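Read the structure below first, then the notes.
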Amino acid sequence: MPRKDGQDRDGLSVSIEDEQLTDVHKHSFETDGHRGCQIRVSSVREIPPLDVAPDPIETDPSHALIIGIPDRTLGVEQLAATEYMAQELSRRAGPYTFPESLPQELQKPK
Amino acid sequence: MIIENLTPTGAPALPRYLGATRYDDEIIGVGADSILIIDDSLQMITYCQALRSGSIAAIGIAAHPRRANSLHYSELLRQFATLTRTPEHDDLGRIRPSIAAIEMASEVAFRILRTGSGVSMPADVSVDRDGDLRILWEDGDRTLELVCPFEPARRSYIYYSEGDQYYVAYDLSVYRLGRLFGWLAGRSSRFPR
């Protein structure tokens, strides 16, 4: 679910899998009490109008956003649609197991 | 429910009573000395709250598997109590719901029990990053999720869906909850609006 305070208004943050960024992603997604999930871009697109747009940032060049989620603060219809999309995304997502990290010399510089 | 007053009610003292549901579940209340109602030895409701809300005056628990119902209800309350002992935050957001959210969820759970529509164990009880308490029930393709916001000023709601049909309802009356849980249990084929 996008947060209420508008922090996720641009979209939901995800990272496109990249074995050269395994350590970066593992550090972001595998924290105490949390683990990474995976979902295919094609599965996201099965839920119109959702899509995935690249949004590289300094610390994560493969950062992307799931876009198209309505602003749930606007009204009950938007809230219901947001709940539906969140439910459909969670149905399509599964736990992600990080591969072994690449040797240091093959990793992209952070 | 049958409630027998053992002493005359006199404000400000709370009435003492001893009673049982019509299924012979024991209910004991001892007024101001102890503010607990004990049902099935598991279900504890604050007597004062029950009196204030009027919930002990006219409870009609219908003839569904009522023991399982009340056990599920008790288990839900236990899970809520566990959540109050979690840390307030972690690195992704809130993980402890507010007292207001837990009180609201407990109240709605009690209303669900009162519908007599059959309270199944939720598939999930969780807190989202905003601290909203979410209780999810599932039956096949049908899902129903009670959302009790962290902020007391925001309204609680029920989101429910079947296939590509979905809806959000703010009406959490016993009547509406009865219809929704009846639908979830398959007693109605029509998607409720």
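Side notes on the structure shown:
- Scanning segment B:144-154 for residues that are surrounded by fewer than 18 Cβ atoms within 10 Å (Cβ to Cβ) and more than 10 Å from chain A (Cβ to nearest Cβ) yields B:P152, B:A153.
- Count - residues of segment B:127-141 that are touching a helix residue (DSSP H, G or I) at 6+ places or on another chain (Cβ under 9 Å) and more than 11 Å from every other protein chain (Cβ to nearest Cβ): 5
- Listed by first and then second residue, the pairs linking a residue in segment A:78-100 that is basic (K, R) to a residue that is at pLDDT 95 or above and assigned to a helix (DSSP H, G or I), with Cβ atoms under 9 Å apart and 6 or more places separating them unless they lie on different chains, are A:R92/A:S43; A:R92/A:V44.
- Tabulated pairs, segment B:160-173, first more than 8 Å from chain A (Cβ to nearest Cβ), second basic (K, R) and not in a strand (DSSP E or B), C-beta under 8 angstrom, 6+ apart or interchain: B:A169/B:R176; B:L172/B:R111; B:S173/B:R111
- Residue in segment B:128-151 that is more than 22 Å from B:A100 (Cα to Cα) and of a type in the set (A, V, I, L, M, F, W, C) present: no
- Close pairs from segment A:52-77: first free of Cβ contacts under 8 Å to residues at least 12 places away in the same chain, partner surrounded by 13 or more Cβ atoms within 10 Å (Cβ to Cβ), Cβ under 6 Å, at least 6 apart: A:P56/A:H63; A:I57/A:H63; A:V76/B:V168
- Residue within segment A:36-47 that is modelled with pLDDT under 90, within 14 Å of chain B (Cβ to nearest Cβ), touching a Phe, Trp or Tyr at 6+ places or on another chain (Cβ under 8 Å) and farther than 27 Å from B:S156 by Cβ present: yes
- Qualifying residue in segment B:97-116 (condition: within 29 Å of A:R35 (Cα to Cα), within 12 Å of another protein chain (Cβ to nearest Cβ) and surrounded by fewer than 20 Cβ atoms within 10 Å (Cβ to Cβ)): no
- Given (1) surrounded by 14 or more Cβ atoms within 10 Å (Cβ to Cβ); (2) within 14 Å of another protein chain (Cβ to nearest Cβ); (3) in contact (Cβ under 8 Å) with a residue 12 or more places away in the chain; (4) under 30 Å from B:Q165 (Cα atoms), index of the condition A:S28 fails: (4)
The values are calculated or read from the model by the stated rules, or taken from the named source; none is laboratory data. Note that the coordinates shown come from a computational prediction; the quantities given were computed from them, not determined experimentally. Here Cβ is always computed from backbone atoms with ideal geometry, including for glycine, and neighbour counts include all displayed protein chains.
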